Each structure stands twice: as structure tokens, then as C-alpha cells.
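Here's the structure we're looking at; comments come further down.
FYI, it's all coordinate maths here, none of it is from the lab. Only a predicted model underlies this, so the values are computations on that prediction, with no experimental measurement involved. Virtual Cβ from ideal backbone geometry, glycine too; neighbours counted across all protein chains shown.
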Amino acid sequence: MVDGVILTVVKSVVLASVLMGFFAFMTWVERKLIGRFQVRYGPNRVGPFGLLQPVADLGKMLQKESMIPEGARPKLYLGAPLIAMACAIGAFGLIPFGNVATIPGTDWTIHLYIADTSVSLLVVAAIGSLGFYGLMIGGWASGSKYALLGGMRAIAQLVSYEVAFTLAVIGVIIQAGSLSFLTIADAQTPLWFIIPQFLGFIVFFIAAVAESNRPPFDLTEADGEVVAGYHTEYGGLRYAMFAAAEFINAITLSALGAVLFLGGPNGPLLPGPLWMLLKIGAFLFVLIWIRATLPRVRFDQLMKLGWKILLPVATLNLLLTAFAVVYF
């Protein structure tokens, strides 16, 4: 905690609030963009340009009946969405939006990140891995065979792509010589790692789409196959927490990709936080574009892509990176 306990708590509350606001805004952006991609209107009834649609959706969720299914494990059933939500927000805490900024009109400085350690990447990976338990517990504790099947599919998918995801990131670690996000971002001056680590970036991006359960890899919520996946028995605000956690995971992975491959907050002319928002927005735009374009893959295609294609490519990228660092 580089700014002390009190300021760190304040920054954490601000970050969580801004992240939730950004998530709500991006749900509107996604629906508008998909509408344009599919030659139709998106939200356009609630507020100017439909901007208040996320508020209306939240109001609808709050009015839904709150119930616990018969046969469910109540404590675990109620705790699962909390685990998923907490891990999704917590993983964002180590993402840097710059180094140090001066508060206007004062001599005070503030770090544009909550914390940075020599193993920041491992911390984010560990927090993200804990989020898997929210999906697994939610499926198992619901007391429904369909939710249990959805939870098992979710874990199988996430574990499969976690391996290729990790190997793709190791190439960046080798080239930067550090696990610190600030060091990795600074090591990309003047050349972003997306160029020398292009193979790793492709593997990272595909694995990130699968990790965030985004189409065409939304097998955990394949409504034509397993009703609605691990959250079949959830409704109202509890379902909204799962949906929010899933979208925030996509935002976090976009921020992670920006730091690892696009130089993070570093860039000419514009301030660091604005560069980060632009890079995160670029990642999210491509995710939305893919959702509007590609159909859902089959589960056997998902496993084949993860184990037979992405894993060998990530391993090859790792070997090439190690060879280049040692001999060049």
C-alpha cells in the first residue's frame, strides 16, 4: 500500500464504484454496438439515446422475487455470487493507470494504482482463479442437475484455457524480466510487446475470450443445451451479480492485455489513465464485435482448440522467446 492505509481504502472504494459504473455503461455500449452490427436499434427508450437502460435493468432486477430453491445448500447458494463478484473486482486492484499524479492546487501526489508488488501478475492470476469457485459452488449448491452440469462445464473450460493463458503470459515475463505490472509496462518503451510477442498475444486473446465466457466460448451458459448453465437457479439481484462478475472479468482481462502487450498507461501526448481507457475500450470493442459475428462453438471444438492448438502454439512462443532473450 504505497499511499497508506486510509488513502488506499478510499482509492479502493473509488475504484470499485468507477468499475461498476463503467460496467453499467459498457452494457449499454455492447447492446448499441450489437444493434448496429445486426442492422437494428439497440436501447433507445429509457433516457436520451437509451443511456438509462442499465438503471432500468437494475431496478427490474431489484424487484424480482428472492427465493432459495428446494434442495439447495442455502449458505453456499447465497455465497457463490458474492465470491464471483469479489474476485472480479479484487483482481482489478493491481492494474496500474499510471505512476504518480499530483493533485491540482496542492503539492500532494497520489499513485495511480492501489498496490504494486514484484509478483503482481501472480496475485491477479490467483484472485482470478479463486473466482472459479463461485461458478463451481453456484452450480453445485443450487440443487439442480442442470446447474451442476453447467458448473462442471465452466470449470472444464476455464481450466483448459488457463494453461495456454499462463504460457502466453510467461513469454512477456521472460522478455520484461519481472512480474511487476509497472516494470512490464515500462519495458515496452518504445516497442510494445504485441510485436515481438505476437504469437503470445493471439493465444492470450483467444484464451481471455474463453476465460471470460464470452461468445463464441459461452459454453457455460449454452441455453440450448443446459438451460442457463451454473446460474440456472439464480434470479434477481443474485443473477445480476453473476452477470456483472462475468462482464467485469472481461474488463479486467482487457486491462491485463493492455498492460502486458500494449504498454499499459504509457503513450504519447495523452495522460496515462486516458491511454488505459482507450486500450481497454479497444479490447472490449473487439470482444463485442466477435460476439455479434461468430456462432457458439461445440464443446469438443472448444477442448480441441485449447489443448491441441493453443497449448502447442503457446509452448512454441515460450521457447522462441527464451531463445531470443538468451542469444540476442
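Brief remarks follow.
- Point-charge dipole on Cβ atoms (K/R +1, D/E -1) for the range 83-327, about Cα centre, debye to 20: 420 debye
- Among 292-305, 240-253, the order from most to least packed when residues are scored by Cβ within 10 Å on average: 240-253, 292-305
- For LYS75, the lysines whose Cα falls under 29 Å of its own Cα, not counting residues fewer than eight places away in the same chain, are LYS60, LYS64, LYS145.
- The range 168-222 and the range 72-95: distance between their alpha carbon centers, rounded to Å: 24 Å
- LEU319-MET61 pseudo-label distance in nm [points 7 Å out on the Cα-to-Cβ vector]: 4.6 nm
- Helical segments meeting 15 Å axial Cα length and Kyte-Doolittle 0.5 threshold in the chain (DSSP H): 5-37, 74-90, 120-141, 145-176, 198-211, 236-261, 272-293, 311-327
- Over the range 157-199, the pair-distance histogram of Cα-Cα distances with 5 Å bins from zero comes to 5, 22, 28, 21, 13, 8, 2, 0 percent, rounded to whole numbers.
- The reciprocal of the average 1/r between distinct C-alpha atoms defines the Kirkwood hydrodynamic radius, which for the range 1-158 equals 18.9 Å.
- About its Cα centre, the dipole of the range 1-132 is roughly 620 debye, where the only charges are +1 on Lys and Arg Cβ and -1 on Asp and Glu Cβ.
- Expressed in Å, the radius of gyration and Dmax of the Cα atoms of the chain are 20.3, 64.
- In a reduced charge model with +1 at each Lys and Arg Cβ and -1 at each Asp and Glu Cβ, the range 217-327 shows a dipole moment near 340 debye about its Cα centre.
- Over the C-alpha trace of the range 208-328, radius of gyration and Dmax come out as 17.8, 57 angstrom.
- Positive-end residue, the range 1-135 charge dipole about Cα centroid, Cβ charges, pick of GLN38, VAL2, ALA125: GLN38
- Among PRO295, LEU182, ALA207 - extreme Cα towards positive end, dipole of the chain, charges at beta-carbon: PRO295
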